[in-house]
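Just so it is clear, none of the values below were taken in a lab; they were calculated from the coordinates. Because the structure is a prediction, the values reported are computed rather than measured. Positions of Cβ are generated from backbone atoms using ideal geometry, with glycine treated the same way; all protein chains shown enter the neighbour counts.
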Amino acid sequence: GAGVSQTPSNKVTEKGKYVELRCDPISGHTALYWYRQSLGQGPEFLIYFQGTGAADDSGLPNDRFFAVRPEGSVSTLKIQRTERGDSAVYLCASSPPGPAGELFFGEGSRLTVL
Amino acid sequence: AQSVTQLDSQVPVFEEAPVELRCNYSSSVSVYLFWYVQYPNQGLQLLLKYLSGSTLVKGINGFEAEFNKSQTSFHLRKPSVHISDTAEYFCAVSLSEKLVFGKGTKLTVNP
């Protein structure tokens, strides 16, 4: 497909477990973003990649959260020792080169930590 | 720092009525402003954006927004809404290559 693809669409896990969420951006988009959306809130910025490097990871809440984009395309958001408060929809977006680019969002991965 | 305030968390309206969804931002520098829409069970999609130039911006599905620098506002309007406009609407401001979003306004259009 032509859009941003996120897998899994739903993930239920137990407290303390490790989780990986995958994002496949639109081909040719150099920038990739991860956001988190909790119920009743707007998307909250987590991390932004330009190419392979994390240009801004100021939104990661703590060191249990980590993200990689090793080849400048697909990205994985990794959450260690999950907590109930991590339950949210994790959104990925990509944007083409250029200033103030429009962000194209995937449909999100809904994480539920029991 | 930049932040976005969406003054109404929920806006119910009747079909064919006009609607305005309010957004105010705080910023010490020039900004780029966006409105995104999230239909039920779908991802966010761009409605419209203001980068520069004309302060009245037209978007998809008959929506428009006006950038008002003196009032630091970017309110979204539509003269006549449809049932299909029922969705959550997010205002966002750019900050160093990332977007900062408001908490959203849930628009419900009733028959």
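Apply 1/(1 + (r/R0)^6) to the Cβ-Cβ distance of A:THR112 and B:LYS106, taking R0 = 25 Å, and write down the FRET efficiency to the nearest 0.05.
Given R0 = 25 Å and the Cβ-Cβ separation, E is 0.70.
Provide the net charge surrounding B:THR5, with neighbours chosen by a C-beta distance below 12 Å and charges set as Lys +1, Arg +1, Asp -1, Glu -1.
+1
Quick check: residue separation of A:GLU71 and A:LEU39 times 0.36 nm, minus the Cα distance between them. What number comes out in nm?
Contour length minus the Cα-Cα distance gives 8.3 nm.
Apply 1/(1 + (r/R0)^6) to the Cβ-Cβ distance of B:GLN42 and B:GLU64, taking R0 = 30 Å, and write down the FRET efficiency to the nearest 0.05.
About 0.85, to the nearest 0.05.
Considering only the protein assembly as shown, what is the antiparallel percent among its DSSP beta bridges, to the nearest 5?
Around 90 percent of the beta bridges assigned by DSSP in the protein assembly as shown are antiparallel ones.
Within 10 Å of each Cβ in B:98-105, how many Cβ atoms from other chains are there, averaged over the peptide?
6
Can you give the alpha-carbon Rg of the protein assembly as shown over 2.2 N^0.38 Å, where N counts its residues?
1.02
Given the options A:ARG84, A:ARG36, A:ARG69, which has the most mean-square fluctuation in a GNM of chain A, springs set between C-alpha atoms less than 10 angstrom apart?
It is A:ARG84.
Suppose a student asked you for the relative contact order of the range A:23-99, using Cα pairs under 8 Å spaced at least 6 residues apart; what percent would you report?
Computed over the range A:23-99, the figure is 39 percent.
Need one number: % antiparallel among DSSP beta bridges in the range B:3-110, to the nearest 5.
85 percent
Which distance in Å, rounded to a whole number, links the C-alpha centroids of the range B:42-103 and the range A:17-87?
25 Å
With the cut-off at 30 Å, tell me which of the pairs A:LYS11/B:LYS98; B:LYS69/B:LYS103; A:LYS78/B:LYS58; B:LYS69/B:LYS106 have Cα atoms farther apart than that.
A:LYS78/B:LYS58
Normalising by the residue count of the range B:19-109, find the relative contact order in percent from Cα pairs under 8 Å and 6+ residues apart.
31 percent
Using the per-residue mean of other Cβ atoms lying within 10 Å as a proxy for protection, in what order, highest first, do the peptides B:91-101, B:11-21, B:40-50 fall?
B:91-101, B:40-50, B:11-21
Net charge around B:VAL29, counting only other residues with Cβ within less than 15 Å of its Cβ (Lys, Arg = +1; Asp, Glu = -1)?
Net of charged neighbours comes to +1.
Sorted from largest down, what three extents in whole angstroms do the Cα atoms of the range A:23-99 have along their principal axes?
Per principal axis, max minus min of the Cα coordinates gives 36, 25, 20 Å.
Can you give the mean number of other chain Cβ atoms that lie within 10 Å of the Cβ atoms in peptide A:44-56?
2
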